[in-house]
1. Please specify each residue of segment 73-86 satisfying the condition of being closer than 27 Å to residue 113 by Cα and either surrounded by fewer than 23 Cβ atoms within 10 Å (Cβ to Cβ) or within 11 Å of ligand 1 (Cβ to nearest atom) (or both).
2. Kindly indicate the residue of segment 120-151 that is farther than 20 Å from residue 395 by Cα and surrounded by fewer than 15 Cβ atoms within 10 Å (Cβ to Cβ) and also modelled with the lowest pLDDT among those meeting that condition.
3. Restricting attention to segment 411-425, does a residue exist that is surrounded by 14 or more Cβ atoms within 10 Å (Cβ to Cβ), under 26 Å from the mean Cα position of the chain (by Cα) and assigned to a helix (DSSP H, G or I)?
4. Can you tell me how many residues in segment 256-265 are crowded, with 24+ Cβ neighbours inside 10 Å and away from ligand 2 (no atom under 14 Å from the Cβ)?
5. Run down 306, 310 and say which single residue is touching a strand residue (DSSP E or B) at 6+ places or on another chain (Cβ under 9 Å), part of a loop (DSSP other than H, G, I, E, B) and crowded, with 24+ Cβ neighbours inside 10 Å.
6. Among the residues of segment 4-31, which ones are part of a helix (DSSP H, G or I) and modelled with pLDDT under 90?
7. Evaluate the following for residue 173: is it crowded, with 18+ Cβ neighbours inside 10 Å and within 17 Å of residue 49 (Cβ to Cβ)?
8. Read through the list (1) outside any helix (DSSP H, G or I); (2) out of contact with any strand residue (DSSP E or B) (no Cβ under 6 Å at 6 or more places or on another chain); (3) within 19 Å of residue 407 (Cβ to Cβ); (4) modelled with pLDDT of 50 or more, then give the number of the only condition that residue 440 fails.
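The values are calculated or read from the model by the stated rules, or taken from the named source; none is laboratory data. This one's a predicted model, so the numbers in the text were calculated from it and none came from an experiment. Cβ placement follows ideal geometry from the backbone for every residue including glycine, while neighbour counts extend to all protein chains displayed.
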Ligand code: DCP
Ligand code: CA
Ligand code: CA
């Protein structure tokens, strides 16, 4: 890399003299190497696969690139390739409507598990087999992993920080990598600062124009011009852009997938960037272009503002526009939204986001579930489904490294629905010997038998099996993740001494209040569902049915999920330093507050079983829409599972099996 890089053009000596120093300091430069999230030279990229499931099917089936194709789940579509989008086909179409719009469309149904069969398969009659089948997303998980591997291969091993932010997307903090490239290309940066003073300004880059190649370059803010000499932030982002272009080319060459990229100074901006031009393009948002770029957006399209928080902010200030909110002072925002949230919103409107790119494996739990229409009524049927759940979960455990003892769950939970009652039984998974499929199945059967012994179990309208309390060896990250890890461990510890199957009966309390003030729980409240550990409930939760709102009361099918996938791995903490435990806010009086809905619980166990309920409910809602959501940001519907006493929300009134109409911005922004 010692030859002069093609992308840079030399500056005239006169121009160089006109501005002698960079606006950045030696300290700023060295902050890049340590991934400092406030570094003004930081470079973050977001890479998102184009129409991912559709491409996965195109590659698997070897269809031509211009062949319209959609991925079908029952009668709905969950992914649509770009040639099919040209016919006006989208996720909101049914398969029948789509075929009318484009008779040559290939509508490929997702693979399914089938009652009585212990492997998933692509089945020609799957669309009509909702009663006997459940969706398998394994093919896409597999492709997702291959893509991630290619990305990692193309980054220097010691300079990579990769966060899998959903099934088809990653964030890359390229700062340290770019830093290394800068020092190599511009030896004048490698020396010590003058007088050893790290606050000294850097020399200006010895170049006047940068070659952005085919990148979609977002226009600069009004007060800046393309003829202004570039500073190091521009050069850094250009290097980042070269790296992303190479990665995209490698994914294309090796695996035949196209993807979009966004390169900017943080996660917020890079994610908006990748969605800016699709398919198969990358967008660069230079620091001098941020204000211009953001001003055209509705803030409800921003990462973390697509859901409840965004709704709250837009209601409070009666606008969804970034432009309007820029006019609101920090004081006003704090007054109306609470201090943390106010400051976070203030910064976000200005494109400031110091959240970390977090490479930690995010999987905290796995769930496999099915709602039965018609209900099932025999032990044999239930047992066949348990087999499927165990096979489904075990396959994912193997991917997680359970065979190598890298990570393993500590608890297993069975949720069961009969009429208006949801029950659950949990047990601790014995540690100390290797976990195999038969052990899991045995535990699941025991839980099932316990429920059956109580009587009054048939017909059963929903069964779901989950494992949770994953041990994770990685430590040292002091962000919210480490906090949550401690939370998981604490919960596991709380369970361990009992080491028996729980047999308490406690109804999860329901929140008395429907809506709490926005500042009651701080900003974390809005993000809680991402961190809510599912299915660690230790007691038998009998949920009273209120208006058909409890688990399994609607919709034909619940599938499978992995909390990490569902939650996205991008932990939406505006300020890692002030992160607080999101799940369980223990108050001084020994009352445990559910951060999701504000319900008050008397004991950690009661809180836990209440949170189970939230989790199962949330999955149910998402899966009913035919949209198993990966890495979704908090969305209004998903974030508002309302235990008891509340009228069904908009999601509840949807026709079963029909995907919910795409939310504003969802297609491009919500996932991950
Ligand atoms: N997905 C789903 N249901 C949804 C949204 C997404 O099952 N409501 C699945 C299918 C998608 C994959 O997740 O292929 C990735 O979601 P994206 O939002 O990234 O959408 P696509 O990759 O399909 O399209 P785009 O090219 O717009 O990114
Ligand atoms: Ca995508
Ligand atoms: Ca995505």
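1. Going through segment 73-86, the residues closer than 27 Å to residue 113 by Cα turn out to be 73-81.
73, 75, 76, 77, 78, 79, 80, 81, listed by residue number.
2. Looking at the filtered set, the residue picked out is 131.
3. No, the conditions are met nowhere in segment 411-425.
4. Of all residues in segment 256-265, those crowded, with 24+ Cβ neighbours inside 10 Å come to 259-265.
Filter once more, so that each one left must be away from ligand 2 (no atom under 14 Å from the Cβ): 263-265.
So the answer is 3.
5. Details: 310 fails: part of a loop (DSSP other than H, G, I, E, B).
Selected residue: 306, the only one of 306, 310 that is touching a strand residue (DSSP E or B) at 6+ places or on another chain (Cβ under 9 Å), part of a loop (DSSP other than H, G, I, E, B) and crowded, with 24+ Cβ neighbours inside 10 Å.
6. The initial filter retains those residues of segment 4-31 that are part of a helix (DSSP H, G or I), namely 13-18, 26-31.
The answer is 13, 14, 15, 16, 17, 18.
7. Working: crowded, with 18+ Cβ neighbours inside 10 Å: yes; within 17 Å of residue 49 (Cβ to Cβ): no.
Considered against the rule, which asks whether it is crowded, with 18+ Cβ neighbours inside 10 Å and within 17 Å of residue 49 (Cβ to Cβ), residue 173 comes out as no.
8. Of (1) outside any helix (DSSP H, G or I); (2) out of contact with any strand residue (DSSP E or B) (no Cβ under 6 Å at 6 or more places or on another chain); (3) within 19 Å of residue 407 (Cβ to Cβ); (4) modelled with pLDDT of 50 or more, only one is false for residue 440: (1).
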